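None of the figures in this text is laboratory data; all of them are computed from the coordinates on show. Everything quoted here is computed from the prediction, not taken from an experiment. Cβ atoms come from the backbone with ideal geometry, glycine included; neighbour counts cover every protein chain shown.
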Amino acid sequence: MEIRVLGPVEVVGPAGTVALRGRLAALLAVLVARRGRVVSVDSLVEYVFDGHAPPGATSTLHGYVHRLRRRIPDLVCSSPGGYRLNTASVIDADLFASERLEALAASRAGDSDRCRALFEAALRRWRGRAYDCFSDREYAEAEAFGLDCEIHSAGPAHRACMSAMRNSNY
């Protein structure tokens, strides 16, 4: 299973793509942006309802968690005081960062073919703006900005790798 945030928030599993919309997508986006950490129920209510929590929002949030778990088992873990993303989750942003770093290492080692293949694999992961419609929300803004910087820095490094390949063929 792969969680995708390099574009619209979605999950791809053996049965195909699980597109999430609205507050379910917001819930997943918060948990991915805060991966590795427990997010309190109060914070989730604030983020998922974008600061406009209706009466009964806590119960509604628990319902969203239940729906997300039903659609994607083992994705969300309960923790004292809140929820967190299952740490075994595969996230496209992490894969992108890893492939980008491996490509840079291959470039430094003079392995132009591996550099090109890794950069191209990393760049193919992008399907739009990181966190898509949540990129301006407090919980995702910093990570979306950092990912945008990484994609912009990957372009020139990829071009340098391609140039090195062309030069080595002469």
Could you work out how far helix 57-71 tilts from the main Cα principal axis of the chain, as a 0 to 90 degree angle to the nearest 10? 50
Whole Å is fine, so just give me how far the alpha carbon centre of region 3-24 lies from that of region 118-145. 13
Spin-label model distance (nm) - E141 vs A121, 7 Å beyond Cα toward Cβ: 3.5
Would you mind getting me the FRET efficiency between D50 and D148? Use the beta-carbon distance for r and R0 = 22 Å, nearest 0.05. 0.55
Let me spell out the model: positive unit charges on the Cβ of Lys and Arg, negative unit charges on the Cβ of Asp and Glu, origin at the Cα centre of the chain. What dipole size does that give, in debye rounded to 20? 360
Subtracting the Cα-Cα distance of S78 and T60 from 0.36 nm times their residue separation yields 4.9 nm
Among (1) 1, 8, 17, 18, 16, 12, 9, 7, 5, 3, 2, 1, 0, 0; (2) 1, 8, 13, 15, 13, 9, 7, 5, 4, 4, 3, 3, 3, 3, 2, 2, 2, 1, 1, 0, 0, 0; (3) 1, 8, 18, 22, 22, 18, 9, 2, 0, which is the computed P(r) over Cα pairs in 5 Å bins from 0, in percent? (1)
Modelled label-to-label distance, A88 and C133, 7 Å Cα→beta-carbon offset: nm? 3.2
Residue separation between S40 and A15 times 0.36 nm, minus their alpha-carbon distance, gives in nm 5.9 nm
